1. Just need a number here: residues in the stretch 69-122 that are over 14 Å from the mean Cα position of the chain (by Cα) and hydroxyl-bearing (Ser, Thr, Tyr).
2. Being in a loop (DSSP other than H, G, I, E, B) and exposed (fewer than 15 other Cβ atoms within 10 Å of the Cβ) is the filter here; which residues of the stretch 28-56 pass it?
3. Return yes or no: is Ala132 in a loop (DSSP other than H, G, I, E, B) and buried (at least 22 other Cβ atoms within 10 Å of the Cβ)?
4. How many residues are surrounded by fewer than 18 Cβ atoms within 10 Å (Cβ to Cβ) and modelled with pLDDT of 90 or more when one looks only at the stretch 1-27?
5. Filter the stretch 152-177 down to the residues that are in contact (Cβ under 8 Å) with a residue 60 or more places away in the chain and hydrophobic (A, V, I, L, M, F, W, C), then identify the one that is nearest to Ile194 (Cα to Cα).
6. I'm trying to understand the selection: among the residues of the stretch 191-213, which are within 30 Å of Ser140 (Cβ to Cβ), at pLDDT below 95 and surrounded by fewer than 19 Cβ atoms within 10 Å (Cβ to Cβ)?
7. So in the stretch 223-232, with the set limited to residues that are closer than 24 Å to Tyr143 by Cβ and out of contact with any helix residue (DSSP H, G or I) (no Cβ under 8 Å at 6 or more places or on another chain), which one is modelled with the lowest pLDDT?
8. Among the residues of the stretch 94-117, count how many are among the hydrophobic types (A, V, I, L, M, F, W, C), without any contact (Cβ under 8 Å) to a residue 60 or more places away in the chain and closer than 26 Å to Ala47 by Cβ.
Amino acid sequence: MVFAIIVTLAQNLAAQRAFETGGQVVYQDTQGRRVDLGAGFSPVLTAQGKIAFIRGRRFAYGETFDCRDAKKKNWIALYDPATEQEKTLFDRALDFDGRGIPFCVFEQMGLSHDASMLYLLSPANAASESLALVNLARGSIAYVPDVESVYVIETGPHRDELIYVQRVMHKSAKRRLPFPAYPIIHARANGEQIAEISNESLTAGGDGRVPMLKAYLSKIGGTITVNGRKLP
C-alpha cells in the first residue's frame, strides 16, 4: 500500500513533456502516461499544452524528397492532447539557401510561446544549414545563414528570444586557411545576435553537458528544452 502511494506521487510529479525516441514522437502527461504520436521528431511543447513537431522521417543531405508525396517530405504537425486531434500547422517548401530550390524536408524546429513564429532548419546545404524565421501570422519569411541548431527561450524576460549554434569562419596567424567554429549564440526573435555564449557542443540529442550555457541561462532567467530535457 505504501509502495503504491509512493509510485502514485512520483507519477503525479512527472512533468508534462514531449520527446523523440527511435524516430517517433512521444507525449508524456503530468501523470506520466505516454502517447506515441507516430513518425516524427524535434517536438516542442507549446504554452497551451499542445505538441508541435516535424511529421515524417528524417532526411539526410542529398537524399531524394518529393513535395507532392507525403511519404517523401516533412511538414509541421500540431497535436492537442485534450482532444486527441492533430492538425497541420505548416506545410510549405522553403528556399533555404537562396538558389531557388524549394525544400520541404526539415531537420529541427522551434516555436514561440504563442505559436506565431516558427523556426525551421533544413539539410539543404552540405556545410551548414540556414535558419528560416516563419511568421505564421503574417506569412513572411526571413533567413539567418549558417545556423546548425536552434532553441527558443521559454521563460523569463527573454522569452521567445533564441539560442542557436552558428557556423562561423575564423582566421588565425598559425593557419593558412580559415577554419570553422560553432559558437552558441543568444539572439533576438528576429535572429539578430545579442551575445556569443560559448563554444560548447549543443546538439538536439546532446546530454546537457554545457555548463557555460546553463550558467548564462540562469543569469538571464531563461530556460530551453533539448529533446524533452529542460536547461538549465
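The values are calculated or read from the model by the stated rules, or taken from the named source; none is laboratory data. Just so it is clear, the structure is predicted and the values come from calculations on it, not from any experiment. In this analysis, Cβ positions are derived from the backbone assuming ideal geometry, glycine residues included, and neighbour counts consider all displayed protein chains.
1. So the answer is 4.
2. Quick first cut of the stretch 28-56, residues in a loop (DSSP other than H, G, I, E, B) only: 29-33, 46-50, 56.
Listed by number, the residues that qualify are Thr30, Gln31, Arg33, Ala47, Gln48, Gly49.
3. Numbers: in a loop (DSSP other than H, G, I, E, B): no; buried (at least 22 other Cβ atoms within 10 Å of the Cβ): yes.
When the stated conditions are applied, Ala132 does not pass them.
4. So the first thing to find is which residues in the stretch 1-27 are surrounded by fewer than 18 Cβ atoms within 10 Å (Cβ to Cβ), and the list is 1-16, 21-24.
Narrowing further to those that are modelled with pLDDT of 90 or more: 21-24.
Matching residues across the stretch 1-27 total 4.
5. The first filter runs over the stretch 152-177 and keeps only residues in contact (Cβ under 8 Å) with a residue 60 or more places away in the chain, leaving 152-159, 161, 163.
In the following step, the residues that additionally are hydrophobic (A, V, I, L, M, F, W, C) were identified as 152-153, 163.
Numbers: Val152: 14, Ile153: 13, Ile163: 10 Å.
Checked the stretch 152-177; the qualifying residue nearest to Ile194 (Cα to Cα) is Ile163.
6. Thr203, Ala204 - these are the residues of the stretch 191-213 that are within 30 Å of Ser140 (Cβ to Cβ), at pLDDT below 95 and surrounded by fewer than 19 Cβ atoms within 10 Å (Cβ to Cβ).
7. Applying the first criterion (closer than 24 Å to Tyr143 by Cβ) to the stretch 223-232 yields 224-226.
From what is left, the residues that are out of contact with any helix residue (DSSP H, G or I) (no Cβ under 8 Å at 6 or more places or on another chain) are 225-226.
Values: Thr225: 89, Val226: 86.
Out of the qualifying residues, it is Val226.
8. Narrowing the stretch 94-117 to residues among the hydrophobic types (A, V, I, L, M, F, W, C): 94, 96, 101, 103-106, 109, 111, 115, 117.
Next cut, without any contact (Cβ under 8 Å) to a residue 60 or more places away in the chain only: 94, 96, 101, 103-105.
Restricting the remaining residues to those that are closer than 26 Å to Ala47 by Cβ gives 94.
Final tally of qualifying residues: 1.
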